[in-house]
Structures are given as structure tokens and as C-alpha cells.
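Shown next, in C-alpha cells, is the structure this report addresses.
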Amino acid sequence: MASGEHDDDTLQLGLVRMQAAMAKSGDRAVVVLEGRDAAGKDGTIKAITKHLSVRNTRVVALPKPNDRERTEWYFQRYVAHLPAAGELVIFNRSWYNRAGVEVVNGFSTATEQAQFLRDVPDFERMLVENGIRLVKLWLDIDRDEQAERLEKRRTDPLKALKVSDLDLVAQDKWKGYSAARDTMLARTSTPIAPWTCVLADHKKRAHRVVIRHLLHTLAPENIAADIPAPDAEVLFAYDPTTAERLAK
């Protein structure tokens, strides 16, 4: 067996052991997975959930809000999907739509966006202080890699379900997305709910470092001890000194 495959098996076993420990302890965990269009969120989720229990794992990818939901408190429809005891919930895009896609495409007002940036640190503090373990991941790719992946989506029939209207403008609005990302990370990475960045140009490498990070962050020490630390060149905590490593 190739060394990469061996590493993958070790990581998958670690995730299974982690979930068994969560089921026993009643721990609750939320993973917020954000990133540029075509950054590999779907593939990363598949790598994480490959051998996990469907009963104790939920992937949440909400459609755009309906007319009723637009009148609710912004966080309300996300709160409905938070985990109960022993559950892992992965948000494939999340409440951070308001700081990214909505900013770039004008889907909400500047007032709503400013209120979100003020409110979200307190919202996440409440989650963590009430026992939810929160991991926030930003997947970043460079512009050429995004262009190549978006082209594959358009030309591969098996990827037809991934194509969206927003894909068509992702490259044209590259700088707008970069600016929105930088503001979001700077305003919402807090000591209690920090952002972790992943350079995801190489998909399998990104999957491995994300899983390693989850195990070191969420798994009991006796499980995490056997897992190598994530490659610091690929995955790193966001702060003003690391921001320059993200695609511009």
C-alpha cells in the first residue's frame, strides 16, 4: 500500500474513533467550511464523512432563504441545524454567506452586512460557551486553479450539478471576493472562535491536513496523539501576519 493510502487509512480510523468518543461523551461539534468557489468544499466533506455514522453526522448546505426566512433573525435558520449530544454538523457554507457572497453580489444591504460583522462574534461565543465545539475553516485557491476547476465543471457531465450562476462571475469578481474574505477573516477571527486557513490548490493534501486538524482539535488526546500535526505550510491559524499567504 502506498504511503499516502496508509496515511489516509490512519486518518479515517482516527475520525471513526473520534466519533465513537463523541457518542460516548455527548460532545457536540460544528465545522464551518467556507472558501472560494471551486475551492474543494464538497470533496473535503466527502473525505471527512467517508466512514462516519450517518446517524451522528449531518452536512448542512442550505438553499437561498425563502420569503418567510428573509423576515427571521438572520441566524435563526442556522440555529435549527445545530448538533445535539454526540453529533457532528458540517456547514457547507454557513452564516458567513452574509460576509462573502452577499457582499460581492449585493444580496443584502450594507447595513445588514455591518450588523452581521458586529453580531457574529457574540453569536459564536454563545455557541462555544454553551458547549458546542466550533471549528471554522477557510479553503483558499489561486486564480488560475479556480479557473481550471470551473472549466472542468462546465465540461464534465458528471459535475453538472455543481454548476451555479455564481460560477459564471467568480473570476470576474475575484478581487471583490478577496476583499470580502479579508474583511470577514479580520473581523470575525476571535480567540474563542478563530479561523483556520487551508491552501487547497492540491486537493488530497488539503483533505489530509483538514482531517488532521479536526482530530487534533476535536478528538480526545489518546486518539490525536497518534496523528501527525497538519503541515504548517498548508494549514495555518489566521492572523494579520498570515493573511498575506492567501490568494490576492
Highest-MSF residue in the chain out of 64, 162, 175 [GNM, Cα springs under 10 Å]: 64
Average Cα contact separation per residue, the chain, under 8 Å, 6 or more apart, as relative contact order %: 27 percent
Per residue, in Å², the accessible surface of the chain once ligands and nucleic acids are set aside, probe 1.4 Å: 52 Å²
Cα pair distances exceeding 19 angstrom across region 124-248, given as percent: 59 percent
Region 120-177: C-alpha gyration tensor shape, a/c 1.5 cut-off, then a/b vs b/c: prolate
Of the DSSP H helices in the chain, those whose Cα atoms cover at least 27 Å axially and whose Kyte score averages -1.0 or more: 3-25, 110-129
Most mobile listed residue (149, 93, 70) in the chain, GNM with C-alpha springs under 10 Å: 70
Per residue Cα convex hull volume in Å³ - calculated over the chain: 140 Å³
At R0 = 45 Å, FRET efficiency that the Cβ-Cβ distance of residue 158 and residue 55 yields, to 0.05: 0.95
222 nm mean residue ellipticity, helices alone, for the chain (DSSP H n ≥ 4; -39,500 (n - 2.57); rounded to 500): -14000 deg cm²/dmol
Cα-Cα over 23 Å, subset of 175/204; 159/203; 41/248; 64/248; 50/248: 175/204; 64/248; 50/248
Accessible area of the chain belonging to carbon and sulfur atoms, whole % at 1.4 Å probe: 53 percent
The chain: most fluctuating residue of 73, 174, 195 per GNM, C-alpha cutoff 10 Å: 73
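The values are calculated or read from the model by the stated rules, or taken from the named source; none is laboratory data. All values reported here derive from a predicted model rather than from experimental measurement. Cβ: placed from backbone, ideal geometry, glycine included. Neighbour counts: every protein chain shown. For accessibility, only protein heavy atoms count, side chains too; no ligands or nucleic acids. Shrake-Rupley method; radii C 1.70, N 1.55, O 1.52, S 1.80 Å.
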